[in-house]
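> Take this structure first; my questions come after.
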Amino acid sequence: MPAIRKSADLRNNYSEISEFCHNYREPIFITKNGQGDLAVMSIAYYEELVGKLKLYQAIQVGINDIENGDIVTEEEMTEFINNL
């Protein structure tokens, strides 16, 4: 179940929110006037999520290349690597 806190808790309980985000590596959802407003997370968890997103995007590019026949042979790749 996601952690949900009121916006006032950011000001009144910042240390508690920060500790939660670092210990549980998940966001806390902040509400404003009873409506969802923000997701707060540690920088480490944010960077992990962004890294995963970039990896998934790179995998998708590779899948698209394969589907479009845009591939290189093992020999071409070996030659490319050896010339680096």
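> Based on what the data block shows, is Phe80 surrounded by 13 or more Cβ atoms within 10 Å (Cβ to Cβ) and aromatic (Phe, Trp, Tyr)? Show your work before the answer.
Numbers: surrounded by 13 or more Cβ atoms within 10 Å (Cβ to Cβ): no; aromatic (Phe, Trp, Tyr): yes.
Considered against the rule, which asks whether it is surrounded by 13 or more Cβ atoms within 10 Å (Cβ to Cβ) and aromatic (Phe, Trp, Tyr), Phe80 comes out as no.
> Starting from the range 8-33, keep only residues that are in contact (Cβ under 8 Å) with a residue 40 or more places away in the chain, then list their pairs with residues that are exposed (fewer than 15 other Cβ atoms within 10 Å of the Cβ) and acidic (Asp, Glu) whose Cβ atoms are within a distance under 6 Å, requiring at least 6 positions of separation or different chains.
none
> Also, I was wondering about something else. Which is in contact with a Pro (Cβ under 9 Å, 6 or more places away or on another chain) and either modelled with pLDDT under 95 or not in a strand (DSSP E or B) (or both), of Glu26, Glu75? Walk me through how you get there before you give the answer.
On the way: Glu75 fails: in contact with a Pro (Cβ under 9 Å, 6 or more places away or on another chain).
From the options Glu26, Glu75, the qualifying one is Glu26.
> Here's a follow-up. Which members of the range 14-49 meet the condition of being open to solvent by less than 50 Å² (accessible area, probe 1.4 Å) and not small (Gly, Ala, Ser)?
Answer for the range 14-49, where residues must be open to solvent by less than 50 Å² (accessible area, probe 1.4 Å) and not small (Gly, Ala, Ser): Ile17, Cys21, Pro27, Ile28, Ile30, Thr31, Val40, Tyr45.
> Exactly one of these conditions fails for Gly69: (1) outside any helix (DSSP H, G or I); (2) surrounded by 10 or more Cβ atoms within 10 Å (Cβ to Cβ); (3) small (Gly, Ala, Ser). Give me its number.
All conditions pass for Gly69, except number (2).
The values are calculated or read from the model by the stated rules, or taken from the named source; none is laboratory data. Keep in mind the model is a prediction, meaning the values are calculated, not measured. Every residue, glycine as well, gets a Cβ built from its backbone with ideal geometry; the counts of neighbours run over all protein chains shown. Areas reflect the complete protein model, heavy atoms only, side chains present, ligands, DNA and RNA absent. Shrake-Rupley method; radii C 1.70, N 1.55, O 1.52, S 1.80 Å.
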